[in-house]
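Undergrad: I am attaching a structure below and will ask some questions about it afterwards.
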Amino acid sequence: MKKVYLFLFLFISIFNITSCEKTNNLEPIVSLNTNEKENIINEKEYLDEDLKLEDKKDISLSIEGIEENRIFKLLDDKSLPFITYVPENCDIVLEDNNTIISWKELSFVEILILPDTIDEIKALEKVESIVEKYSQAEKIEDKSSQWNTVYYMMTIPKNGETLKSGYVWLGEHSKRLFIIYLHIDNMEFGEILIPEFKAIFQEWIWKDTKEGMCDLFN
């Protein structure tokens with residue numbers, strides 16, 4: 001237990017987190033059970049031959065200070081404007097312009113590419129609807145950030161519950177806004193999950209420009 005709270009302290013300190021009061025109701029923007037869709041990973045469906053991407057990739061991660069290799073699988077689909085790799089044991093659901101990558105009951109990351117008809121005001125309303133799910137949240141101000149908006153959120157445990165936390169980013173690519181939402185249902189597993197989460201975006205490639213994703217934690 002001491003280790004859990006020590007990690008929490010370090011995690012918050014690294015990203016300069018403070019808190020403000022919000023409400024608690026945790027769900028992805030689109031439910032993992034929407035229309036009872038099956039997990040989808042359409043490998044090779046939209047491979048760019050110039051990129052020469054493999055179906056699977058061995059990626060080195062630093063977990064609790066120890067270098068470990070994990071197998072990641074290719075995430076690629078005609079409907080998506082990006083290609084990346086995700087941990088082999090993750091489930092993937094595609095729903096229109098929404099992608100949900102889940103670590104079973106532990107965590108999920110949701111990537112929502114907004115229609116070009118959605119302006120920043122409407123996009124910020126979607127961001128606020130995520131932030132309101134947590135009891136505490138902090139808008140991260142960073143003049144050097146490439147993101148339009150970044151929030152860190154958490155729900156402090158009580159009555160035997162686990163510490164829940166999340167991040168939400170609002171960014172823009174090729175004149176279209178997009179939202180990335182990370183939720184961790186139990187921060188006891190944060191040291192394992194966060195390196196895998198970071199790797200997903202380090203492997204990210206936008207199909208139209210062949211550019212990578214800017215640093216989520218800059």
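The values are calculated or read from the model by the stated rules, or taken from the named source; none is laboratory data. Being a predicted model, the structure only gives us computed values, none of them experimental. Note: ideal-geometry Cβ built from the backbone for every residue, glycine included; neighbour counts use all protein chains shown. For accessibility, only protein heavy atoms count, side chains too; no ligands or nucleic acids. Shrake-Rupley method; radii C 1.70, N 1.55, O 1.52, S 1.80 Å.
Undergrad: Can you compute the label reach from Trp147? Point 7 Å from Cα along the Cβ direction, backbone N cut-off under 12 Å, restricted to the range 199-218.
TA: Counting only backbone N, you get 214-218.
Undergrad: Leaving out ligands and nucleic acids, and using a 1.4 Å probe, what accessible area per residue does the range 93-174 come to in Å²?
TA: 47
Undergrad: Return a whole-number percent for the relative contact order of the range 56-206, with Cα pairs under 8 Å and 6 or more residues apart as the contact set.
TA: 24
Undergrad: Still on this structure, I have one more. Can you give the charge dipole size of the range 56-206 about its Cα centre, rounded to the nearest 20 debye, using +1 on the beta carbon of Lys and Arg and -1 on the beta carbon of Asp and Glu?
TA: 180
Undergrad: Ordering Ile100, Ile192 by how much accessible area each has at a 1.4 Å probe, largest first, what is the list?
TA: Ile192, Ile100
Undergrad: How large a share of the accessible area of the range 56-206, in percent, is made up of carbon and sulfur atoms when the probe is 1.4 Å and the other protein chains stay in place?
TA: Roughly 47 percent of what the probe reaches on the range 56-206 is carbon or sulfur.
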